[in-house]
């Protein structure tokens, strides 16, 4: 087993290029299944989640050619050889559930997909997905299968346009609804839809593919069903989460890093919070430069929310940044109820963090009075100490990398597949910025640490 060795205390200096967005690429590959036309994608990141999604598409009949060196991927699904996604994809990531929306209008056969997976950060109930797809004419049933769950779905009578109002602007439910609506008869209107930049990228791709689709300012998406499709060439947007990660790494280590490809508009809320604590940045024509601009100041109130709010996926490394800021700051997590499990490891490294079940925010969220630790107070600045760490999920994994970069001695990180799921060439990129970081084979007698436990058990509901 490979482990990651990081000796911290070195300011990061230099330039890196943001890869294509993970959360756009995987969904675009699934969207290509809507038609039998050739789709060519540029700026495709070489990461684990894309590997998994490619394998999933090939399983049902896609032909894929992927030049990982140039970041170009060509995919065409002339016909489906299967509508069954094997159980080995269960829990691999959150993509299998989107296969339902993509395939409902393309096959009369039953579509069978395993349960949703991904990082253990809270409930990922698919109720919103199912309710929306049923409005469009789908019949969906959950069954136990080979000791694990699977969803059986079909639309034998065909899909039809419908008016869908999401109770919460769920990214996945919005994507699934859009995919199914593209091949439905008539017009579909989705209210209270998620509007993340990755969803906008999906909409732009679908328009090229042949969909008639609009996005209104009030979170309303309209799709006019079609069966006429075209070949597509599409360049994937840069990964705003990776760009933010390197920005936080530059500032917290008191360095200076230019992130080529980082885009201003999708990072507006993040950049505001960065400036509130005294972090420096300069927006340029081809990217954003992040730099230490003097001592960081706490007293920040940060509340995660759906876009254009502060994204939950940047919350964990931002908490590490706040451990280096003077004073007390509050973080209120409103997207996932169980996303502060990683803080126990940060506390062991010296961070002063206290967890609360109350909503410490400007508003009460849907987890108010539900007994989840979903608010924290961070007091700083605190020096961090090195230690052995087991990575529990993707974004907490980068938070631990950042914490290790701040600790003066050597930390050992286990569970690297979580990192490679979402960060392309992370070791090489950090190394090019001056970080003392390298892979090493774990010693045979190594005592493997246990991943940070969640504050409360995760109770999954379907």
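Scanning segment 230-252 for residues that are buried (at least 24 other Cβ atoms within 10 Å of the Cβ) and over 20 Å from the mean Cα position of the chain (by Cα) turns up 250, 251, 252.
Residues are listed down the side, and each one gets a yes or a no for (1) within 20 Å of residue 1 (Cα to Cα); (2) assigned to a strand (DSSP E or B); (3) assigned by TED's automatic domain parsing to the domain that holds residue 315:
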| position | (1), (2), (3) |
| --- | --- |
| 354 | no, yes, yes |
| 368 | no, no, yes |
| 371 | no, no, yes |
| 376 | no, yes, yes |
| 395 | no, no, yes |
| 431 | no, no, yes |
| 437 | yes, yes, yes |
| 448 | yes, no, no |
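For segment 231-244, the criterion of a residue being touching a strand residue (DSSP E or B) at 6+ places or on another chain (Cβ under 6 Å), within 19 Å of residue 136 (Cα to Cα) and not assigned by TED's automatic domain parsing to the domain that holds residue 328 is satisfied by no position. Look at residue 124 and say whether it is at pLDDT below 95 and out of contact with any helix residue (DSSP H, G or I) (no Cβ under 9 Å at 6 or more places or on another chain). When the stated conditions are applied, residue 124 does not pass them.
Residues that are over 15 Å from residue 242 (Cβ atoms), touching a helix residue (DSSP H, G or I) at 6+ places or on another chain (Cβ under 6 Å) and part of a loop (DSSP other than H, G, I, E, B) occur in segment 7-20; there is at least one. Exactly one residue among 275, 222 is at negative phi and outside the structural domain of residue 9 (by TED's automatic domain parsing), and that residue is 222.
The values are calculated or read from the model by the stated rules, or taken from the named source; none is laboratory data. Worth saying up front: this structure is predicted, and the values here are computed from it rather than measured. Every residue, glycine as well, gets a Cβ built from its backbone with ideal geometry; the counts of neighbours run over all protein chains shown.
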